[in-house]
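*Asks:* Below are the structure tokens for one structure; questions will follow.
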Amino acid sequence: MSNILEATFAVLIFPGGAFALALGLFLKGVDRKVLARLQRRVGPTLIQPLLDILKLSIKETLIPKTANELAFRMAPVLGLAGVLVTAAIMPVGGVWSGVTGLGDILVLLYLLPIPAMALMLAGCSSSSPYGALGFSREMALMFAYEMPLIATFLAVAVRVGGAGGSLFSLDAIMAYQFLHGPMLLDPVMIPAALALIIFIPGTMGSGLFDIPEAEPEVIEGPLLEYSGPLLATFHLMSAVKLVVVLELAVALLWPNPLGGSVLVNLAWHVFKCLVLLLVSVTCFRAATGRLRLDQGFAFFFKYTTPMALVSLGLATILR
Amino acid sequence: MLKLIQKLVPRSPWIYRLNAGSCNGCDVEMATTALIPRYDVERIGCKYCGSPRHADLVLISGPLNLRVREKVLRVFNEIPHPKVTIGVGACPASGGCFREGYSLEEPVDQYIPLDVIVPGCPPRPQAIIEGVVKALDVWRKRLEEDTCCRF
């Protein structure tokens, strides 16, 4: 019974739900503002993503006649629900160690592609050729960026397993880093850390990897036919997804708390997410254009995956 | 709560460009307004969107000639309520230099109600931005009067 209560709390309020939504919208606002400042503009206000969502929530919903209405309506809801559950099992160093019994990186591997799946469902149910193009691009890119993620997961797990911890548990990974120092400072894990940092813009579709939702070519691809509250749900999903991938990187690389009270640790966690956002999303987006689909695919297979595999090999040899 | 939302909503206008047979002069000026950092429209919350379904403010350029009329009206109907229209340049208001030409019958506002008109041939980027800001007032009034909204 208490397990169910704890899980509900985790999904609806603390690491997922209200907290993740607020943090995600805040991070999106910071992203837009800092990007504007990098381009020497004034930029929107910090609460602009929230204003966008409020605006979308009172707009009319239009559904194409030829669309599959059930799938069209369900896709954003499924995506948001999926990322909220994912956020619930994300540990926050020194504050929260995830829902017990679910804190496993194999579960994460199944939960992380859900937002991409929702986008694909949206694209192919909308009966629009641009939506279908966005669907195929999203799918191809997903095959590319899942590989370095899996290799990084394995590298971290083998490193922890080598020290006598249980392999795939997030709790064990956190405990290992509390004892032995963060993975980021471990020389064996540096290539995997870089691969994970490149994975973040890949999965968020920013910078070089803005391929599925490329505005000039496929007009936002899967989101093309969406309007009103459904589009707002997709924006919320993207905000929570940003929080999830940043928290994932923090949990795998540097979950160490600052010590002291819970609030200090929480602020430290948010600070780490913010720094990671600025490095991997904002500056990356400001500095790069966009790749073609085949180039993006090759980028992940030529550079990012081998980097993570190097770490995996080293961790296996040195265990 | 609803009042608060109605107050906040006009701070997030998403813009869509609708070319109704224009000579491309106004479109260049609109692209300049949006796409270069110098006239930063994002500071009032604007975002250019490619899909009409995401749009709130519609910037219409051109005199709506016979060839594109049906298509333009079809795209216009795909923009969800509440929407505000801005005619950019002389053409939407009067036909401009295409007036009384063989390819058009009337200017745009015979078919699409124009809320704000930005004169000029082509108008300066500053004028277009001022038109967008004026359109926000129209939008705010419309939300308060409930004439265009779902509730």
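The values are calculated or read from the model by the stated rules, or taken from the named source; none is laboratory data. What you see is a predicted model, and the numbers here were worked out from it, not measured in a lab. Cβ sites come from the backbone with ideal geometry, for glycine too, and all protein chains shown count toward neighbours. We work out accessible area using only protein heavy atoms, side chains counted, and drop any ligands, DNA or RNA first. Shrake-Rupley method; radii C 1.70, N 1.55, O 1.52, S 1.80 Å.
*Asks:* Pop out the ³J(HN,Hα) list for region B:36-42 in order, Karplus 6.51 cos²θ - 1.76 cosθ + 1.60 with θ = phi - 60°, rounded to Hz; leave Gly and Pro as x.
*Replies:* 10, x, 4, 9, 6, 7, 5
*Asks:* Would region B:1-91 count as rounded, prolate or oblate if I go by the C-alpha gyration tensor, calling it rounded below 1.5 in a/c and otherwise prolate when a/b exceeds b/c, oblate otherwise?
*Replies:* oblate
*Asks:* Show me, for region A:197-208, the HN-Hα J-couplings you get by feeding each phi into the Karplus relation (A = 6.51, B = -1.76, C = 1.60, θ = phi - 60°), rounded to Hz, glycine and proline as x.
*Replies:* Calculated HN-Hα couplings, in order: 5, 6, 4, 4, x, x, 6, 7, x, 10, x, 4 Hz.
*Asks:* What lysines sit close enough to residue A:241 to cross-link, taking a C-alpha to C-alpha distance under 17 Å and skipping anything fewer than 8 places away on the same chain?
*Replies:* A:28, A:272
*Asks:* Please sort B:78-90, A:54-66 by packing, taking for each peptide the average over its residues of neighbouring beta carbons within 10 angstrom, highest first.
*Replies:* Top to bottom by mean Cβ count within 10 Å: B:78-90, A:54-66.
*Asks:* Quick check for me: using +1 on Lys/Arg Cβ and -1 on Asp/Glu Cβ, what's the dipole size of region A:125-268 about its Cα centre, in debye to the nearest 20?
*Replies:* Roughly 460 debye for region A:125-268.
*Asks:* Let me ask something else. Under a crude label model (7 Å from the Cα following the beta-carbon direction), how far is residue A:298 from residue A:37 in nanometres?
*Replies:* 3.8 nm
*Asks:* What residues qualify as long-range amide H neighbours of residue A:92, i.e. H under 5 Å apart, gap of 5 or more or another chain, H built at 1.01 Å from N?
*Replies:* A:97, A:98
*Asks:* Another question, if that's okay. Tell me which residues come under 5 Å, amide H to amide H, from residue B:117 once H is placed; ignore anything under 5 positions away on its chain.
*Replies:* B:87
*Asks:* Please list, or write none, the lysines whose alpha carbon is within less than 29 Å of the alpha carbon of residue B:71, excluding same-chain residues fewer than 8 places away.
*Replies:* A:55, A:59, A:65, B:47, B:83, B:134
*Asks:* May I ask you to evaluate 6.51 cos²θ - 1.76 cosθ + 1.60, the Karplus curve with θ = phi - 60°, for each residue of region A:245-254 and list the ³J(HN,Hα) values in order in whole Hz, giving x for glycine and proline?
*Replies:* Per residue, the Karplus-derived 3J(HN,Hα) values read 5, 5, 5, 4, 4, 5, 5, 7, 10, 8 Hz.
*Asks:* Give me the number: length gained by fully extending residue A:109 to residue A:3, i.e. 0.36 nm times residue separation minus the C-alpha to C-alpha distance, one decimal in nm.
*Replies:* Working it through step by step, the gained length comes to 35.9 nm.
*Asks:* Something else now. For the protein assembly as shown, what is the charge dipole size about the Cα centre, in debye to the nearest 20, if Lys and Arg each add +1 at the Cβ and Asp and Glu each add -1 at the Cβ?
*Replies:* 660 debye
*Asks:* Using DSSP, restrict attention to beta bridges with both residues in the protein assembly as shown and report what percent are antiparallel, rounded to the nearest 5.
*Replies:* Looking only at bridges with both residues in the protein assembly as shown, the antiparallel portion is about 10 percent.
*Asks:* Keeping all protein chains in position, work out how much accessible area residue A:147 exposes to a 1.4 Å probe, and write it in Å² to the nearest 10.
*Replies:* The accessible area of residue A:147 comes to roughly 80 Å².
*Asks:* Whole number in Å², please: accessible area per residue of the protein assembly as shown, 1.4 Å probe, ligands, DNA and RNA not counted.
*Replies:* Computed with neighbouring chains in place, this is 43 Å² per residue.
*Asks:* Have a look at A:263, A:218, A:249 and report the one farthest towards the positive end of the charge dipole of region A:182-288, computed about the Cα centre with Cβ charges (Lys/Arg +1, Asp/Glu -1).
*Replies:* Result: A:263.
*Asks:* Farthest toward the dipole's positive end in the protein assembly as shown, which of B:72, A:289, A:120, given Cβ charges of +1 (Lys, Arg) and -1 (Asp, Glu) about the Cα centre?
*Replies:* The listed residue farthest towards the positive side: A:289.
*Asks:* Got a sec? Charge dipole of region A:94-250, +1 on Cβ for Lys and Arg, -1 for Asp and Glu; which of A:148, A:96, A:133 is way out at the positive end?
*Replies:* Selected residue: A:96.
*Asks:* Just to be sure I understand the model, the point goes 7 Å from the Cα along the line to the Cβ. What's the resulting residue A:261 to residue B:71 distance in nm?
*Replies:* Distance between label points: 6.4 nm.
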